[in-house]
1. Taking R0 as 60 Å, what's the FRET efficiency between E403 and S124 from their Cβ-Cβ distance, rounded to 0.05?
2. Show me the ranking of peptides 222-231, 110-119 by mean Cβ neighbours inside 10 Å, starting with the highest.
3. Taking amide hydrogens as modeled 1.01 Å from N in the peptide plane, which residues meet the under 5 Å criterion relative to I345, leaving out close sequence neighbours?
4. Taking only the Cα atoms of segment 267-425, how large is their convex hull per residue, in Å³?
5. At 7 Å along Cα-to-Cβ for each site, give me the label-to-label distance between I238 and I28 in nm.
6. Give me Rg/Rg_expected for segment 80-185, where Rg uses Cα atoms only and Rg_expected = 2.2 N^0.38 Å with N residues.
7. Picking from E359, E318, E194, which is most flexible by a Gaussian network model of the chain using Cα springs under 10 Å?
8. Give the long-range amide H neighbours of G353: residues separated by 5 or more places, or on another chain, with amide H under 5 Å away, using H modelled in the peptide plane at 1.01 Å from N.
Amino acid sequence: MAANASSLSAPWSDRIKRAAIILLVTAIVLGGLVVLTDLSLARAIFAFICIAAAALVPWQLHDGARSSDAEPRIDPVDSAVVRSLVAGLPDPSVLLDRAGRVLHFNQEASELAPALRRGELAQSALRAPEIVATLRQALATNKMQRATYVEHVPIDRWMELVVTPIPVPTHFGGADTCMLMTFHDQTPLRRVEEMRADFVANASHELRTPLAALSGFIDTLLGPAKDDPSARERFLGIMRVQATRMARLIDDLLSLSRIELSAHVRPSSPIDLPPLVRQVVDGLEVLAQERGVEVTVDIPETPVIVPGDRDELLRLFENLIENGLKYGASGGKVEVTLVETPAEIRVKVRDYGPGIAPEHLPRLTERFYRVDVGDSRAQGGTGLGLSLVKHILNRHRGRLLIESVPDKGATFTAVFPKAAAVEAR
Ligand code: ADP
């Protein structure tokens, strides 16, 4: 502040010095003329007053011109710096004056509100009641205000609006206040939050169902069926199925979270696929017999190596082949083939069951998504199998293809890129 004061007073002291010198010289000259010539004292005083006044007036004009040359009148709000600052903000941003008129806005803001125009009231382009109310509040209180609102057009978007008062210096040395409006799109966060809430709700529902069955049977065994050995035997059998279902669900949930946690780490152990696929088919032989399904295997005898995680790959093929046996049992046949092309390795599981209607195909890998919840539960399904398959394949840099024609069966293909296989050798 002290530095500012001295810099402001400097021109004034210069002016006074210059005025004093001019007046001194004028007084000496006029004095000399009065003494040496016949100039009257009254005329000399009059001339002195005129020169003094003339000496002062041009200084004022001169100083005015000087300030407009050396220090151009830059409106701090209108300066290129402020414009670039607003343009460079990552979120949609609009700078307003105290009256709510638009001073600047960035490209992101014009995408959010195409009707925004410089010099016009922001409210004519941003009409959501929440925006208008928040802006009014900020103008009235001169304090930062926040609000969240939902944009419905063209799609639902959750936005957070922040209106920040910004004091700015004016031409005349005073201060004014601008309002900076920034909009932050919270839709991705909301979606993640919704997914998390859905997931918790689904998981607890899936666990609660077998748990409710278990406690119901425990009550029956302690009460009405206490002395009924045949009922006890039957109920204990059902209880075992429910307990197995709970264990499987917890197992799937843990696997899913473990695979998700390590999604960015690519597995690297060299895995020979043909023996691994055969091992899975052998392990499911009992289930195939129970369901009356014949499993045919067409895979090369030679090694086909991919960089992978053995347990995860076992889980992947187990889920695909087991689904074929469970949901495609009516077709009586499941084919497992492994094809190696120059670009990729494809392991295909084809069944001849009822297939899947096209509208379900895009959602099959969502957690807990089932075409028929009752059927899935009856088969001991958790609704997490294909989600696990997708995550395992993602981690292996592969992909899952699902093809189905209703009444003609379904084909699930795990595709591994060949480049990955070559790297592992
Ligand atoms: P689940 O534990 O219910 O089997 P999945 O994620 O493995 O869960 O499968 C999701 C749903 O996809 C199943 O509930 C079933 O409706 C359908 N599905 C999966 N595989 C097949 C198939 N081979 N044929 C018909 N429907 C299938």
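The values are calculated or read from the model by the stated rules, or taken from the named source; none is laboratory data. Please read these numbers as outputs of a predicted model, since none were measured by experiment. Cβ atoms come from the backbone with ideal geometry, glycine included; neighbour counts cover every protein chain shown. All accessible areas refer to the heavy atoms of the entire protein, side chains included, with ligands and DNA or RNA removed. Shrake-Rupley method; radii C 1.70, N 1.55, O 1.52, S 1.80 Å.
1. Values: r = 53 Å, r/R0 = 0.88.
Efficiency computed from Cβ-Cβ geometry: 0.70.
2. Going by the mean number of other Cβ atoms within 10 Å, highest first, we get 110-119, 222-231.
3. Answer set, sorted by chain and number: F416, K418.
4. On the way: hull volume 16.2 nm³, N = 159.
Output value, Cα hull per residue: 102 Å³.
5. 12.4 nm
6. Details: Rg = 13.3 Å, N = 106, 2.2 N^0.38 = 12.9 Å.
That works out to 1.03 for segment 80-185.
7. Between E359, E318, E194, it is E359 that shows the largest mean-square fluctuation.
8. G331, G409, A410
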